[in-house]
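What follows is a single structure, written as structure tokens, with notes after it.
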Amino acid sequence: GDLLFSKALVLFEGVTEEQIIPAMFQLYFEKSNFCLGISCISVAGKNYPPFIKIANSFGIPVCIISDNDGTTYQEVTSQVAKIRTNTPLMLSDNEFFCSFLSDGKDIEAELVENLDLRSEVVSALVKTETRGSENPQYINNKTQKISKLSESELIDKMRTTKASYASFLADIISANVDNKPPEMVIPKAVIAVFEKLKEWSKV
């Protein structure tokens, strides 16, 4: 249903994006993706072709926001090339767009190393580890401990708690209590997709 009744699809790899991309969409457009008829869908890995084929067969344009670590770029571009070679789908610029995070980065590394989101990530991890506790001393201790982590340690902690920290981070991004401009909170690759949706007149 999310696929077939959408104006456009935004596809991505995993759990973190499933939580934070809609929050970034809300921040950028000041409306939810659901209100604007855009479906944000995790493919739970890199298995993009079935989604692309079904959507484009029904005339629904597709954007991908992809990690760019390891061999991901080669894997995804190879999948797209095979669709163009082995099916009648052309995947033209007005129906398909693929945007990659910074070279060598997955979403966790992108958020910490390329954006001004360290304090938000720390807050999300504290909420994860305190599990709703309202004990100020406990919260303060956890905050101090996590705040002292290096960038690489912080990223490792994010990767091991994806299913829990991402929802808290999504809420924090949506609130944007420090009124940071979108380019400080949203990866360039994600903004590129949002701008493509505008270009396609889907938002």
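The values are calculated or read from the model by the stated rules, or taken from the named source; none is laboratory data. These numbers come from a predicted model, not from an experiment. Counting neighbours? That spans all protein chains shown, and the Cβs are built from the backbone with ideal geometry, glycine included. Ligands, DNA and RNA are excluded from the accessible area calculation, which covers all protein heavy atoms including side chains. Shrake-Rupley method; radii C 1.70, N 1.55, O 1.52, S 1.80 Å.
Structure values in brief
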read-out	value
Protection proxy ranking, peptides 73-86, 25-38, average beta carbon neighbours within 10 Å, highest first	25-38, 73-86
Inverse of mean 1/r across different Cα pairs in region 30-131, Kirkwood, Å	15.8
Folded to 0 to 90 degrees: helix 15-29 orientation relative to the chain principal axis, Cα	80
Gain upon complete extension [T143, T77; 0.36 nm per residue less C-alpha separation]	19.7 nm
Rounded if a/c under 1.5, otherwise prolate or oblate - the chain, Cα gyration tensor axes	prolate
Entries in K7/K105; K46/K142; K31/K105 that, when Cα-Cα distance is taken, lie over 31 Å	K46/K142
Folded to 0 to 90 degrees: helix 72-86 orientation relative to the chain principal axis, Cα	20
Region 119-203: trypsin sites (Lys or Arg not before Pro) falling in loop per DSSP and having at most 13 other Cβ within 10 Å	R131, K148
Packing rank of 8-21, 59-72, where each peptide gets the mean count of other beta carbons within 10 Å, highest leading	8-21, 59-72
Value of [θ]222 nm, deg cm²/dmol, for the chain, DSSP H segments ≥ 4, -39500 (n - 2.57) each, nearest 500	-16500 deg cm²/dmol
Residues with amide H under 5 Å from that of S102, placed H, sequence gap 5 or more	none
Per residue, in Å², the accessible surface of region 1-89 once ligands and nucleic acids are set aside, probe 1.4 Å	46
C-alpha long axis of helix 136-147 to longest principal axis of the chain, angle in °	60
Accessible surface of the chain, 1.4 Å probe, proportion on carbon and sulfur as whole %	50
Cα convex hull of region 47-97, projected area averaged across orientations, nm²	3.4
